[in-house]
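Presented below is the structure to which this report refers.
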Ligand SMILES: CC(=O)SCCNC(=O)CCNC(=O)[C@H](O)C(C)(C)COP(=O)(O)OP(=O)(O)OC[C@H]1O[C@@H](n2cnc3c(N)ncnc32)[C@H](O)[C@@H]1OP(=O)(O)O
Ligand SMILES: CC(C)C(=O)C(=O)O
Ligand SMILES: [Mg+2]
């Protein structure tokens, strides 16, 4: 069986999702989780893009012990220099250099002739190779590139020392058969005196990213690139959890395995969902809320007789466990700690005490604490953007008049707690007005959605807000999770405001 390497680009291509903006601390948390999940290389960012991107790549480079760290660069020496500086402390550094090779990109975007692009590949791969042992090269928009020119571009990169050749389907244009043929053609025709590994990098514009990625593996790719939950530019990148589970379930067909620790999938997916502010659709393959639910009579009958009738993946495989250790208000610290271990969370004693206190508060209100509740509790409170936090929300409700809210907000940097009062025609509006008064900045609220995390009247609420910074036009998504829907709303809106404040201060 071949072993397929996994490169995760949630922190680079994933962050190109409109509305997604990870803080540096969130990126470090995610990278640590990706390392535990079994990712072999993390594309931690584009170091030349901004000081924050540079900082995130360098902090992740220091934090990883077994996972390689890479950064994206244009064919620009300054980009490669920045990557070299950001990655200087990485135990296993790599660099990723790209340039577009399709006619439309070369002519209109780069304003370069094909010969100039080839010369640029030779110059910049050589330069990257003078600073890094491992160099990945990508011909951007490869699937709309003339086949012979693609071979020439790839051959040039290989001749100048590239060790990974990544074939991006930048605009999600290809089909499984066609993409498989591209890999077969390149692998058969590229001449090399050193080991090179080919990888697919698929986008999901036509809904074929997973199929295309698997077709590349079938035709010789040794590494895959993608993101958790398929976050990414436009319709997103391939969802790595889908590729990992497909390889596992259909190893008979693909004859390939990976190092992905499948039972850590759910925790990894939940973290990305929480920090990106993008919830996982109920019908999403592998991790969606309905992925293991059976509704119709014939299916339920079959599953009761033998789960294999309708279940090709077990919930346990991806880390959704039966609640073997039910928790409630009488549970103690040991049981709570054991549950966190079971759900793959690790905390210091101080963090554990804080989460335990929050758990006790929730257990006082909610009869049964499910695994979903515990995950939501941890991820809901585990906001890495905790410089400015919500302390309290009070409302005075009047069914025939305006509502009044008093919101307490704590600023860690200056150790100051402030209470702000505001009115609104509804409770949510009054709370949001109070938060607006606190931040004193322009924010456009684009959408507000409420969902229940678990079933029942005492379910925890998840609120998602999408906002725009009118100054820059940047979109941000933020989520809040709480037993109380109004508090969850306040958390989400406060978090969105904190993103905008951070952007305005840059
Ligand atoms: C398919 C992908 O995902 S590609 C990666 C996308 N990611 C990003 O863009 C990261 C965020 N980007 C940024 O922060 C900025 O675009 C920067 C810092 C990289 C560059 O900013 P600026 O210098 O202001 O340039 P701007 O973004 O306006 O234009 C890009 C320039 O790079 C050129 N360029 C684009 N790709 C490449 C490449 N691979 N190699 C060389 N030059 C390139 C463009 O032709 C354009 O050049 P021009 O200014 O001579 O016309
Ligand atoms: C930079 C490259 C690899 C990319 O993200 C794409 O082409 O989609
Ligand atoms: Mg991409």
How many nm separate the modelled label positions at residue 312 and residue 282, each set 7 Å beyond the Cα in the direction of the Cβ?
2.3 nm
With N set to the residue count of the range 388-505, report its C-alpha Rg divided by 2.2 N^0.38 Å to two decimal places.
1.04
What spacing in nm lies between the two simple spin-label points modelled at residue 502 and residue 329, each 7 Å away from Cα in the Cβ direction?
3.7 nm
Cα gyration tensor, the range 1-100 - rounded (a/c under 1.5), prolate or oblate:
rounded
Can you give me the pair-distance distribution of the chain, C-alpha pairs, 20 Å bins, whole percents?
21, 52, 25, 2
Between the modelled labels at residue 77 and residue 194 (7 Å from Cα along Cα→Cβ) the distance in nm is 2.0 nm
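Compare the peptides 416-427, 363-374 by average per-residue count of other Cβ atoms within 10 angstrom and give them in order, highest first. Let's see the in-between values first.
On the way: 416-427: 13.8, 363-374: 17.2.
Those peptides, ordered most packed to least, come out 363-374, 416-427.
Would you mind ranking 379, 34 by Cβ crowding within 10 Å, fewest neighbours first?
Values: 379 19, 34 27.
Ranking 379, 34 by Cβ neighbours within 10 Å, fewest first, gives 379, 34.
For the residues 202, 75, what sequence is obtained by ranking on other C-beta atoms within 10 Å, fewest first?
Details: 202 31, 75 23.
Starting with the residue having the fewest Cβ neighbours, the order is 75, 202.
Starting from 0.36 nm per residue, how many nanometres of slack lie between residue 66 and residue 185 once their C-alpha separation is accounted for? Display every interim value, and only then the final one.
Working: separation 119, 0.36 × 119 = 42.84 nm, distance 3.31 nm.
This chain segment gains 39.5 nm when fully extended.
Give me 248, 105 sorted ascending by neighbouring Cβ count inside 10 Å, so fewest comes first. The partial results should precede the final answer.
Details: 248 17, 105 20.
So the residues, fewest neighbours to most, are 248, 105.
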Explain nothing, just the number: relative contact order of the range 2-276, from Cα pairs under 8 Å at least 6 residues apart, as a whole percent.
21 percent
When only C-alpha pairs under 8 Å and at least 6 residues apart count, what is the relative contact order of the chain, in percent?
11 percent
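Once you have a ≥ b ≥ c as the square roots of the Cα gyration tensor eigenvalues for the range 326-381, tell me rounded if a/c is under 1.5, and otherwise prolate or oblate according to whether a/b is larger than b/c.
Details: a/c = 1.40, a/b = 1.35, b/c = 1.04.
Rounded.
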Among DSSP bridges having both ends in the range 2-276, what percentage is antiparallel? Round to the nearest 5.
5 percent
Which distance in Å, rounded to a whole number, links the C-alpha centroids of the range 196-226 and the range 227-248?
10 Å
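Quick check: from the Cα gyration tensor, does the range 105-219 come out rounded (a/c under 1.5), prolate or oblate?
Details: a/c = 1.86, a/b = 1.31, b/c = 1.42.
Taking the square roots of the gyration eigenvalues as a ≥ b ≥ c, the range 105-219 is oblate.
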Over the range 326-381, what is the relative contact order in percent, taking alpha-carbon pairs closer than 8 angstrom and at least six residues apart?
51 percent
Computed lengthening from residue 1 to residue 251, 0.36 nm per intervening residue step minus Cα-Cα distance
89.2 nm
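Coordinate-derived values only; no laboratory data. What you see is a predicted model; the values in this text were computed from it and never measured. Every residue, glycine as well, gets a Cβ built from its backbone with ideal geometry; the counts of neighbours run over all protein chains shown.
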